[in-house]
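The values are calculated or read from the model by the stated rules, or taken from the named source; none is laboratory data. Values in this document were obtained by computation on a predicted structure and should not be read as measured data. We place every Cβ from the backbone using ideal geometry, glycine too, and count neighbours over all the protein chains shown. When the accessible area is computed, the model is the full protein with side chains, heavy atoms only, and any ligands, DNA or RNA have been set aside. Shrake-Rupley method; radii C 1.70, N 1.55, O 1.52, S 1.80 Å.
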Amino acid sequence: MSQSNIQTLLTQLSQVLLGKPEQIKLAVACILAKGHLLIEDLPGMGKTSLSQGIANSLGMSYQRIQFTSDMLPADILGVSIYSKEQQQFIFHKGPVFNQMLLADEINRASPKTQSALLEAMAEQQITIDGITHQLSSPFFVIATQNPVDQAGTFPLPESQLDRFMMRISIGYPSAEAELAMLKSRTQANKPASLSQCLTPQELMLLQQQVAQVSASDAVLNYLIALVDFSRQHNTANGLSPRASIALLQAAKAWAFINQRQYVVPEDIQAVFASVAEHRIRSSSQFQGEALSDTILASVNPIR
């Protein structure tokens, strides 16, 4: 599988989210690393457009759920309804059975509904009425959330934040990017206008190639030093072993996107904030100095 497909994907997504190449690259790296993505930002920043653009470009079955305070777990997972004709309960699959699920404004739903995604994200399966249902492959969740200081939000618990491999923030566009957006044609930068450049099967092949990217002992020791520093000096939550694995997977994907078959310390540094920041701070701490920057500045790479 040629890496030119990945470059085509990055180029296409840049037509939807103008002036944000770093965020697009991180989102693609998260998919290649088989992780789930949390996008945190104000409304209207392009969170939904980015996820729709990814789904269209990869040809994945896709469904968007608008989370609200009155949403129930069955609205996500599905529900069993009694059939008079068959005289038995028939399970009707919910949106989670798509290959890509967009959980829009996930922190507007109650904690009970938020937790409905936990098993699906961790094990790629759900259990309803004692019956386990396998989900599609590949399976990828993109969740968006608004800052917790906005009305009607429920902070995600640490256990659910840890299920997201990466958290990114899109931010305001530059003046040049916003000018280009205003000048562009109405449909030119719409997610629906993007053509498919990868199939789900080709994506899974790329994910297998990412897993084969090598990491030397020196690079692994640097990763462990970063994780250990977060545990010894962080006042909120130190990075867990699951976070260590996610950091390595994301660094491999970043190296693969940059056409390398081995990881260097710069790969870990590039993805560290997106992988670590939402884990090492408390769930209600959305502003202030980034703790991940402090950790990176305190630990020197081992060459």
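L38 fails exactly one of the following numbered conditions: (1) touching a Leu at 6+ places or on another chain (Cβ under 9 Å); (2) assigned to a helix (DSSP H, G or I); (3) surrounded by 14 or more Cβ atoms within 10 Å (Cβ to Cβ). What is the number of that condition?
(2)
Six or more apart or on different chains, Cβ under 8 Å: which pairs go from a residue in the stretch 1-23 that's of a type in the set (D, E) to one that's modelled with pLDDT under 90? Could you list them?
none
Okay, residues lined up against (1) closer than 22 Å to V79 by Cβ; (2) in contact with a strand residue (DSSP E or B) (Cβ under 7 Å, 6 or more places away or on another chain); (3) among the acidic types (D, E):
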| site | (1), (2), (3) |
| --- | --- |
| L101 | yes, yes, no |
| R108 | yes, no, no |
| Q114 | yes, no, no |
| T127 | yes, no, no |
| G130 | yes, no, no |
| L135 | yes, yes, no |
| P138 | no, no, no |
| V141 | yes, yes, no |
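All but one of (1) under 26 Å from Q196 (Cα atoms); (2) more than 17 Å from the chain's Cα centre (by Cα) hold for V28, so report the exception by its number.
Unmet condition: (2).
Checking T8 against (1) open to solvent by 50 Å² or more (accessible area, probe 1.4 Å); (2) modelled with pLDDT under 85, which test does it fail?
(2)
Does the stretch 21-43 include one or more residues that are small (G, A, S), touching a Phe, Trp or Tyr at 6+ places or on another chain (Cβ under 6 Å) and under 16 Å from P200 (Cβ atoms)?
Checked the stretch 21-43: no residue is small (G, A, S), touching a Phe, Trp or Tyr at 6+ places or on another chain (Cβ under 6 Å) and under 16 Å from P200 (Cβ atoms).
Suppose we filter the stretch 197-240 for residues that are in contact (Cβ under 8 Å) with a residue 40 or more places away in the chain and open to solvent by less than 40 Å² (accessible area, probe 1.4 Å); how many remain?
20
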